[in-house]
Every structure is written in structure tokens, then in C-alpha cells.
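The values are calculated or read from the model by the stated rules, or taken from the named source; none is laboratory data. Remember, predicted model here, so these are calculated numbers, not experimental data. Cβ placement follows ideal geometry from the backbone for every residue including glycine, while neighbour counts extend to all protein chains displayed.
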Amino acid sequence: MFTSCAQDTHNVEQRISNKINLRPVQTDIEYKKTLPEDVYYVAREEGTERPFTGQYVNFKEDGVYICRVCGNPLFDSKTKFKSGTGWPSFYDYYTNESLKEETDNKLGITRMEVECNRCNSHLGHVFNDGPNPTGLRYCINSVVLDFVPRKKVNETN
Ligand SMILES: [Zn+2]
């Protein structure tokens, strides 16, 4: 498989960032031009990546997961747990600025959709069958996440 997308400098297999870097929020038209196709499909068209295909499913490094679209900090690796679903799963969000939740009735059932609170990108869904202490399971697509190692989280430049 070859890709002609010269804009995407991410290495898909090892996407680790050096810092939390908030980027300006853009329009869907701009994102269509700048985001890789698989990221756009999940983030802006509410798609879902195939289970067990994302790079963060079994990823166990210590740090913070950020929005791949805008850089907003979303989840702490300390709240990641093994759900067996094939998607990265967390039982809590990072801060009150991380997420927003919306009702999603698309599959004929009511689910709670999870979006980035900053750029409104679709991230996944939240369910009520998670572990203590919250009882929540945030089921998130790897492709819309980026990762910052713990020691880099508090660096400002
Ligand atoms: Zn975002």
C-alpha cells in the first residue's frame, strides 16, 4: 500500500508527540484537505475504525492521550483499562475541558456519543458498563488520538 498524501507526516505505527500542542480549530472544509482520510472519516463523519486495528488498543505507555485533530488533552493513561472490545477504553476523562457528550440514535438504539470539547471531533461512545470508580467505559477510536509521554506533558516548549 502506497500513500500519496505528503501532508501526513505522522508515522501511523508509532504516533507519539513531544508535547501537548493546541492547534487552531478549523472548518470541515479545511480538515478535509489537511487530515488523513481515515482520521477525517472518524473525526468529522462519525465513523468507527475496525476493532483491534488501532495502534493504541494494547498500548501501555504512561502519559496523556490528546485529540489528534486539535491537540486537546482527553484521557490519562492511568484511566485506561483492558476492555477486550478492540478499541482503547478509559473509565474517566482528563479534565472538564476534555469532552462533550451527545445523544446518538443512529443505530436505532440510544448511545452517548463522545466528542472533543474543543474541536467537536467525534471520538467514540461512552457506556455504563465500565470499572470502578466511575462505572463508565469510554470506547474511543485510536485513529483520533495522539499520545504524549508523561515526562513531556508539562513541558511548555
Ligand atoms: Zn479536538
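Below are the figures for this structure:
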read-out: Number of the exception - Glu102 against (1) within 16 Å of the ligand (Cβ to nearest atom); (2) free of Cβ contacts under 8 Å to residues at least 24 places away in the same chain; (3) of a type outside the set (S, T, N, Q); (4) surrounded by 19 or more Cβ atoms within 10 Å (Cβ to Cβ); value: (4)
read-out: Condition broken by Ser4, with the remaining ones in (1) within 13 Å of the ligand (Cβ to nearest atom); (2) farther than 27 Å from Arg137 by Cα; (3) at pLDDT below 95 satisfied; value: (1)
read-out: Cross-chain or 6+ apart pairs with Cβ under 6 Å, region 129-153 first and in a strand (DSSP E or B), then modelled with pLDDT of 95 or more and of a type in the set (Asp, Glu); value: Arg137/Asp129
read-out: Residue satisfying condition, being more than 18 Å from Leu123 (Cβ to Cβ), at pLDDT 95 or above and over 12 Å from the mean Cα position of the chain (by Cα), within set Ile16, Ile29; value: Ile29
read-out: Some residue of region 59-79 being within 15 Å of the ligand (Cβ to nearest atom) and out of contact with any strand residue (DSSP E or B) (no Cβ under 9 Å at 6 or more places or on another chain); value: no
read-out: Test: Lys100 is in a helix (DSSP H, G or I) and either farther than 16 Å from Phe59 by Cβ or hydroxyl-bearing (Ser, Thr, Tyr) (or both); value: no
read-out: Scope region 108-128; condition away from the ligand (no atom under 15 Å from the Cβ) and in a loop (DSSP other than H, G, I, E, B); matching residues; value: Gly108, Ile109, Thr110, Asn128
read-out: Some residue of region 135-152 being β-branched (Val, Ile, Thr) and more than 24 Å from Lys19 (Cβ to Cβ); value: no
read-out: Filter result for Glu49 (at negative phi and within 12 Å of the chain's Cα centre (by Cα)); value: yes
read-out: Any chance Phe59 is among the aromatic types (Phe, Trp, Tyr) and loosely packed, with under 15 Cβ neighbours inside 10 Å; value: no
